[in-house]
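Reading through the structure tokens given below for one structure.
Derivation of every value follows stated rules applied to the coordinates shown; laboratory data play no part. Given the structure is predicted, the values throughout are model-derived calculations rather than measurements. Note: ideal-geometry Cβ built from the backbone for every residue, glycine included; neighbour counts use all protein chains shown.
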Amino acid sequence: MRILLALAMAVLAVAGCTTKAEQMAEAGKTPLSKEEVMLLVANTTERGVASTGADYVIYWDPSGEMRGEATWSGGSEIDRGTWSVGEDGLFCRQWENWVDGRQGCWRLYEDGDEIVWALVSGSGESSQQSRDEILTGNVENL
């Protein structure tokens, strides 16, 4: 009986969880189009702080190549990979080494002055990018 009760509580807890994409849909938000994502990402440098606490910088080359550098108190690491945007606006990226080279895909949403990255599949996390700095061009010469 205790096992059934615990299982029922776990199912209810999971059922109450919604994804970032579901939260955006409930708020009446629609994902950005391919053109909007390309304008937002291509030929930009992104500076931010990862969930691990590492500072990072990524250059999103218009060719679909990306280069990044992460720094933390113990050192730094450089990686490269590829990114693409599907006809439906789905943004995907795959690093050569970071996140074990696994691909991650997101739907991007505008929410006021913020860009919401809602993880759809693969490796990564959903985030609200209000604190990241987005600059035009390869300002870090990556």
| Subset of the range 91-138 [in contact with a Lys or Arg (Cβ under 9 Å, 6 or more places away or on another chain) and β-branched (Val, Ile, Thr)] | 116, 120, 134
| query | Considering 37, 120, 85, which residue is touching a Cys at 6+ places or on another chain (Cβ under 9 Å), closer than 27 Å to residue 138 by Cβ and surrounded by 15 or more Cβ atoms within 10 Å (Cβ to Cβ)? | reply | 85
| Residue under evaluation residue 69, criteria (1) out of contact with any helix residue (DSSP H, G or I) (no Cβ under 7 Å at 6 or more places or on another chain); (2) free of Cβ contacts under 8 Å to residues at least 24 places away in the same chain; (3) surrounded by 11 or more Cβ atoms within 10 Å (Cβ to Cβ); (4) of a type in the set (Asp, Glu), criterion not met | (2)
| When only residues in the range 92-104 that are surrounded by 18 or more Cβ atoms within 10 Å (Cβ to Cβ) and under 12 Å from the mean Cα position of the chain (by Cα) count, which is farthest from residue 24 (Cα to Cα)? | 94
| query | When the range 105-117 is examined, which residues are found to be assigned to a strand (DSSP E or B) and either surrounded by fewer than 12 Cβ atoms within 10 Å (Cβ to Cβ) or aromatic (Phe, Trp, Tyr) (or both)? | reply | 106, 109, 117
